[in-house]
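Okay, structure first, notes after.
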Amino acid sequence: MSPTILIVDDDSETAELRSVVLGAAGHSVETLGSSVQAMDQLERTRPDLLIVDIMMPELDGFEVCRRLKRNPKTSSIPVIFHSASHREEDEELGLQLGAVDYLAKPMAPALILARIASQISLQEASARLQNSNALLAESVREKTAELARMQDALIMTMGLMAEARDSDAARHIKVTQQIALLLAKRMQEKGMHRQLLSDEYLAALFKTIPLHDVGKLGLPDQVLFKQGKLEPDEYALMRQHPRLGLEIILSVEEFLGKPHLFLRIAKELAYSHQERWDGRGYPLGLAGAEIPLAARIMAVADVYDALCSERPYKPAFPHAEAVQLILEGAGSQFDPTIIALF
C-alpha cells in the first residue's frame with residue numbers, strides 16, 4: 001500500500017506541483033488549501049505524512065503543528081514544513097514544535113523526493129518496530145502465564161505428595177488456601193499489618209499454602225501411614241517435619257541463587273505453622289509476634305480443616321463445634337487478633 005501524504009498550502013499551484021511530483025513517485029497525495037479544513041480532516045483520518053506551508057491565513061503552519069502535537073489523536077503524525085522563508089529562526093522554531101523536517105522553497109523535486117522518502121522510511125521502520133514490540137510483549141505475557149501455571153502445578157504436586165497419607169489431600173489444600181486468603185484479605189481491609197499485607201503478599205501466600213507440610217516428604221512411611229495414634233517416638237519424628245520442610249525450601253532458594261517473597265513465605269509456613277501463640281508449639285517454641293504472620297494465619301486454617309476432617313483416630317467435628325474450639329484457642333494456640341476476625 002502506497003504512503004499517503006497530505007499537502008496543506010493556500011498556494012494551489014505550488015500544492016498541485018508537489019502533488020504531481022509525489023504522485024509520480026508512487027505516493028497517494030491529497031491537497032487542501034485551508035489549514036482549518038485540514039485540522040478538521042486530521043481528526044478523522046491519519047496520513048503517513050503532513051506537508052504544511054507556514055504562511056497561511058486563518059492558522060499558520062506553526063499553529064497547525066502546535067495543535068496537532070497537543071492532541072493525542074494526532075500527535076504522532078509526522079509534519080514537514082514547506083516555506084518560502086529561509087530564516088534560520090523559522091526552521092529552528094519548526095523543529096522545536098515537533099516537525100521532522102523543514103523544506104525551503106524553491107527546492108529541486110529530486111531533493112524533495114529524497115527528503116520525503118527518508119521520512120517515509122523512518123515511519124515504516126518505526127511502525128515495524130512497534131508491531132514487533134507488541135508481538136514480543138504478547139509473547140512475554142503468554143510465556144509468563146504459562147510459567148505461572150507450571151509453577152502452580154508443581155507447587156500443588158509437592159503439596160499433594162507431602163499430604164500423601166491423606167486421601168483427601170487436594171481438598172485440604174484448597175480449603176486451607178481459601179481460609180488463609182480470606183483471613184489475610186480481612187486483615188488487609190482492616191488496615192492490620194499495613195506494611196506487610198500487600199496484594200503481592202496475599203498472592204504469594206495463597207500459592208505457598210500447599211507447601212506448609214512439604215517436610216512430611218522426609219518422614220518414614222511407618223509414621224506417615226500409621227492408622228492410629230502415634231507413639232511418643234513416632235510423634236517425635238513427626239515433629240521433625242517443619243525442619244525438613246525448611247531444608248527443602250532452602251535448597252530451592254540456594255538453587256535459584258537469590259531471595260524471593262514467595263520462598264520467604266514458604267519458609268515461614270513450613271517451619272513455623274506448628275508454633276503456638278503461648279510459646280508451647282514447635283520447633284522453636286516461638287511466642288506471640290515472634291511467630292511469622294503467614295504461619296499464624298496458616299495455623300488457624302490448618303487446625304480448622306483438621307477438626308472438620310475425619311481421621312483414623314477421630315471423627316469429623318461439625319462446623320459449629322470446630323469454630324468453638326478455634327475461638328477457645330485465642331490467646332493460647334492462636335493469635336487473638338486473627339481469631340477476632342475468624
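The values are calculated or read from the model by the stated rules, or taken from the named source; none is laboratory data. Owing to the predicted nature of the structure, the values given are computational and were not obtained by experimental measurement. So basically every Cβ, Gly included, is an ideal-geometry build from the backbone, and we count neighbours across all protein chains shown. Protein only, heavy atoms only, side chains kept; ligands, DNA and RNA dropped before computing areas. Shrake-Rupley method; radii C 1.70, N 1.55, O 1.52, S 1.80 Å.
Residues checked against (1) within 21 Å of ALA38 (Cα to Cα); (2) surrounded by fewer than 17 Cβ atoms within 10 Å (Cβ to Cβ); (3) free of Cβ contacts under 8 Å to residues at least 60 places away in the same chain:
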| position | (1), (2), (3) |
| --- | --- |
| PRO78 | yes, no, yes |
| HIS82 | yes, no, no |
| HIS86 | no, yes, yes |
| VAL100 | yes, no, yes |
| LEU103 | yes, no, yes |
| LEU113 | no, yes, no |
| ALA137 | no, yes, yes |
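Need pairs with beta-carbon distance below 9 Å; first residue within 24 Å of GLN227 (Cα to Cα) and in contact (Cβ under 8 Å) with a residue 12 or more places away in the chain and within the stretch 309-333, second of a type in the set (D, E, K, R) and open to solvent by 70 Å² or more (accessible area, probe 1.4 Å); sequence gap 6+ or separate chains.
Listed by first residue and then by second, the contacts come to SER309/ARG171; PRO312/LYS229; TYR313/LYS229.
Every residue in the stretch 279-305 that is of a type in the set (A, V, I, L, M), open to solvent by less than 50 Å² (accessible area, probe 1.4 Å) and not in a helix (DSSP H, G or I), please.
So in the stretch 279-305, the residues of a type in the set (A, V, I, L, M) come out as 284, 286-287, 289, 291, 293-295, 297-301, 303.
Then keep just the ones that are open to solvent by less than 50 Å² (accessible area, probe 1.4 Å); that gives 286-287, 291, 293-295, 297-301, 303.
Correct list: LEU286, ALA287, ILE291.
For residues in the stretch 254-278 being among the small types (Gly, Ala, Ser) and surrounded by 14 or more Cβ atoms within 10 Å (Cβ to Cβ), which is nearest to LEU181 (Cα to Cα)?
Initially, the stretch 254-278 is screened for residues among the small types (Gly, Ala, Ser), giving 257, 266, 270, 272.
Going one step further and asking which of them are surrounded by 14 or more Cβ atoms within 10 Å (Cβ to Cβ), we end up with 266, 270, 272.
Working: ALA266: 15, ALA270: 17, SER272: 18 Å.
Result: ALA266.
Within the stretch 41-77, track down each residue that is part of a loop (DSSP other than H, G, I, E, B) and either within 17 Å of PRO106 (Cα to Cα) or in contact with a Gly (Cβ under 9 Å, 6 or more places away or on another chain) (or both).
Just the residues of the stretch 41-77 that are part of a loop (DSSP other than H, G, I, E, B), to begin with: 43-48, 54-60, 71-77.
Selection gives ILE54, MET55, MET56, SER75.
Across the stretch 69-106, which residue is farthest from SER118 (Cα to Cα) among those that are aliphatic (A, V, I, L, M) and either touching a Cys at 6+ places or on another chain (Cβ under 7 Å) or at pLDDT below 85 (or both)?
Selected residue: ALA84.
Would you check if LEU93 is of a type in the set (A, V, I, L, M, F, W, C) and more than 15 Å from ALA15 (Cβ to Cβ)? Walk me through it before giving the result.
Values: of a type in the set (A, V, I, L, M, F, W, C): yes; more than 15 Å from ALA15 (Cβ to Cβ): yes.
Here the answer is yes, as LEU93 does meet what is asked.
Per-residue answers, yes or no, for (1) touching a strand residue (DSSP E or B) at 6+ places or on another chain (Cβ under 6 Å); (2) open to solvent by 60 Å² or more (accessible area, probe 1.4 Å):
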residue: ASP40; (1), (2): no, yes
residue: THR45; (1), (2): no, yes
residue: ASP53; (1), (2): yes, no
residue: THR74; (1), (2): no, no
residue: PRO106; (1), (2): no, yes
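Looking at (1) in contact (Cβ under 8 Å) with a residue 12 or more places away in the chain; (2) within 21 Å of ILE112 (Cβ to Cβ); (3) over 39 Å from the mean Cα position of the chain (by Cα), which is the only condition GLY23 fails?
Every condition holds for GLY23 apart from (1).
Please enumerate the residues belonging to the stretch 9-28 that are open to solvent by 40 Å² or more (accessible area, probe 1.4 Å) and among the hydrophobic types (A, V, I, L, M, F, W, C).
Hits for the stretch 9-28 are LEU17, VAL20, ALA24, ALA25.
Of everything in the stretch 313-325 that's at pLDDT below 90 and open to solvent by 80 Å² or more (accessible area, probe 1.4 Å), which residue is nearest to ILE339 (Cα to Cα)?
Taking the stretch 313-325 as the starting set, the residues that turn out to be at pLDDT below 90 are 313-315.
Keeping just the survivors that are open to solvent by 80 Å² or more (accessible area, probe 1.4 Å) gives 313, 315.
Working: TYR313: 27, PRO315: 24 Å.
Out of the qualifying residues, it is PRO315.
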